[in-house]
């Protein structure tokens, strides 16, 4: 049940982006988010649908605390929020193992914790001996697998996911979707940005549609 | 006739050689699309080919009824009943017609009779249920629909109707139970899970709804396995500063590792590069211009190596925040992380270079002594100045990107004004105090006092310069903290 106090509340949140000008051209402004009212409750899985440029990624960045809104109020009572990032900070010259440590730390884990879970990352990624080879020798699919395997060991109060389940080969996509399903089932709050209504209907309790920086529909 | 030219009315090849059920699919297509007028027309065409098939008659009546073409339905029904008097539809459809005409009493009369005559026909019960629904009697409607379902226990259609009636009446708890019955009897049907989840959601039981959707998507075994899943939310007890410094350390180390692996000569480049610069200056100033003088190589090295530390730190840090844009927007890492990594990475590379410097100085007749202890405060002040300058330029560039073009020019000017390849004593003495206001020139003077003059620099003067740099570093740290949420916006512009 999702009736308790929200983990995060957004009240009339707006973000105005600036397009830099120069000596010949004035800067211009663009409202990436106009007026967003949204609550994320404990254990809830929320799907965010919308076309490209609708403001979905900006919304996730505000939720994760990377961006601060220009107007409105954003309330987070000390809950950890993490944007699931694939291959964050990957260095192509370093091995998969080294990148796992680096990327895991960039996603908020301590070095000790990442190191203690390297075997788990290795096993989940299914890249075999390539784990100790430079990432530049990987295929796109292998890079994605490793990226997801690292990202999946983070466990914040609210997990934000931006389209990452639509990458990689089909088999691994299914595996990552199952992992997400497990997360959701375990009671972690998840916000999932996707183009797939079918996917969000399976995984999400609630779906909102964002258009031109405004939430058009909010349905359970 | 216009009708004949309508492509949708062109039947597939039908006739005696095609089983009727296959041919009927053509009309059922329209039924599934709920295009009732089209369905009636298709059944009419099929009726011409299969006049002895009751389906072509009674389905056409049904289509006319649904299309609201009640007179057409009645005329056809009269003919159909004459032709097939014993067909169950021949008895039920008059009731449907009566209901469509809102002749409720007449419909009731027919259905009461059917209840006795055709108790095993599920349509008797669904028709009675429709009548009860009109009366608003949900309980009676439910009873009749259940009877319909029980008439054909191997067909899911009437169970679905049974559950949907509860959904329509907004009795969601009851609907959830009915969908559960459907799932129990027909576990392979997706609708039982999907609509069951909708019913559970309507009652506020999101957990049950999610469980059903996951079961539908991944199967029972997977969902059972979920019960044992544990995703521990490990509380991170490290302070934000600790976290940041740990990350800076690892990133700098890994950057160095990456740099070393990129080149065949590996880390030896860290030493070869300053030696190459030294070779160039020696060639120009000592050999070609003959302006070097005695011990020029030591003079040059004690100026060039400290300068290269400063130059590389400022050069690599200056655009680091812009280059880290993607990572900052992906992970929310603090903007100061980027110049700090560059500062540490450059500083670590100086360790072998400084060892080379001291060795070179020693081998050229300048042995170490107590005065070498003064290197520690000089290097500390040097590090503080380099950090302050690098952090300041890195902080400014995202706001004023044109500075990126000015940084190399500024560094060249600073290099010429710092006495790297000449001793500051060669300039007019009146300008000495002004010249030494340049921190790099002052630090190079200190290095040379230690290495060449074998004396300890003025530690008081050094410490106040160090103090100013430390305060500047402190102020810059606060600026970075203050602008932490501004940088992600600025780099996106």
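Here A:75, A:36, A:48 are placed in order of increasing Cβ neighbour count within 10 Å, fewest first, which gives A:75, A:36, A:48. Inter-chain Cβ neighbour count for B:325-335, averaged per residue, equals 6 (cutoff 10 Å, partner chain atoms only).
Site pair residue B:86 and residue B:140 shows an inter-label distance of 3.3 nm when each label is modelled 7 Å from Cα along Cα→Cβ.
Here the gap between residue B:323 and residue B:396, fully extended at 0.36 nm per residue and compared with their Cα-Cα distance, gives a gain of 24.9 nm. The helix-only estimate of mean residue ellipticity at 222 nm for the protein assembly as shown, built from DSSP H runs of length n ≥ 4 each weighted as -39500 (n - 2.57), is -18500 deg cm²/dmol after division by the residue total. Per residue of B:205-212, other chain Cβ atoms within 10 Å of the residue Cβ number 4 on average.
Residue separation of residue B:260 and residue B:21 scaled by 0.36 nm, minus their Cα-Cα distance, works out to 78.5 nm of gained length. If you take each beta carbon of peptide A:81-89 and count the beta carbons of other chains within 10 angstrom, what is the mean? Per-residue shielding by partner chains comes out at 3. As I understand it, the value is the acute angle between the Cα axis of helix B:269-281 and the longest principal axis of the Cα atoms of chain B; what does it come to in degrees, rounded to 10? The two axes meet at around 50 degrees. Here the contact order of chain A, divided by its residue count and restricted to Cα pairs under 8 Å and six or more residues apart, works out to 29 percent.
For the pair residue A:51 and residue B:289, label points projected 7 Å from Cα toward Cβ lie 6.5 nm apart.
Placing pseudo-labels 7 Å out from each Cα toward the beta carbon at residue B:33 and residue B:280 gives an inter-label distance of 7.6 nm.
Residue ranges B:450-461, B:84-95 sort as B:84-95, B:450-461 when ordered by packing (mean number of other C-beta atoms within 10 Å per residue, highest first). Peptide packing for A:96-108, A:173-185 was compared via the average number of neighbouring C-beta atoms within 10 Å per residue; ordered from the highest value, the list is A:96-108, A:173-185. Evaluate the relative contact order of the range B:240-492 (contact order divided by residue number), counting alpha-carbon pairs under 8 angstrom at least 6 apart; express in whole percent. Rounded, it is 28 percent for the range B:240-492. Helix A:96-106 and the longest principal axis of the C-alpha atoms of chain A enclose an angle of approximately 30°.
Compute the separation of the alpha-carbon centres of the range B:143-193 and the range A:136-214 and state it in Å as a whole number. Taking the Cα centre of the range A:136-214 as reference, the centre of the range B:143-193 is 34 Å away.
Working note: Cα atoms of the range A:66-220, range along each principal axis, descending, whole Å: 47, 33, 30.
Based on alpha carbons, the Rg and Dmax found for the protein assembly as shown are 39.1, 129 Å.
Peptides B:153-159, B:197-203, ordered by how many other C-beta atoms sit within 10 Å of their residues on average, highest first, read B:197-203, B:153-159. Relative to one another, the C-alpha centroids of the range B:71-141 and the range A:30-95 are positioned 58 Å apart. Picking from A:56, A:25, A:41, which is most flexible by a Gaussian network model of chain A using Cα springs under 10 Å? Largest GNM mean-square fluctuation: A:25. Evaluated over the Cα positions of chain B, the convex hull gives a direction-averaged projected area, one quarter of its surface, of 43.2 nm². Counted by neighbouring Cβ atoms within 10 Å, the residues B:151, B:446 run from fewest to most as B:151, B:446. Mind checking the angle between helix B:36-49 and chain B's longest principal axis? C-alpha axes, 0 to 90 degrees, to the nearest 10. Value to nearest ten degrees: 50. Taking every C-alpha pair closer than 8 Å and separated by at least 6 residues, the mean separation divided by the residue count of chain B gives a relative contact order of 9 percent.
With r defined as the distance between the Cβ atoms of residue B:373 and residue B:203 and R0 fixed at 60 Å, what FRET efficiency is calculated, to the nearest 0.05? The value I calculate is 0.15.
Coordinate-derived values only; no laboratory data. A quick note: this is a predicted structure, and the numbers were derived from the prediction, not measured. Here Cβ is always computed from backbone atoms with ideal geometry, including for glycine, and neighbour counts include all displayed protein chains.
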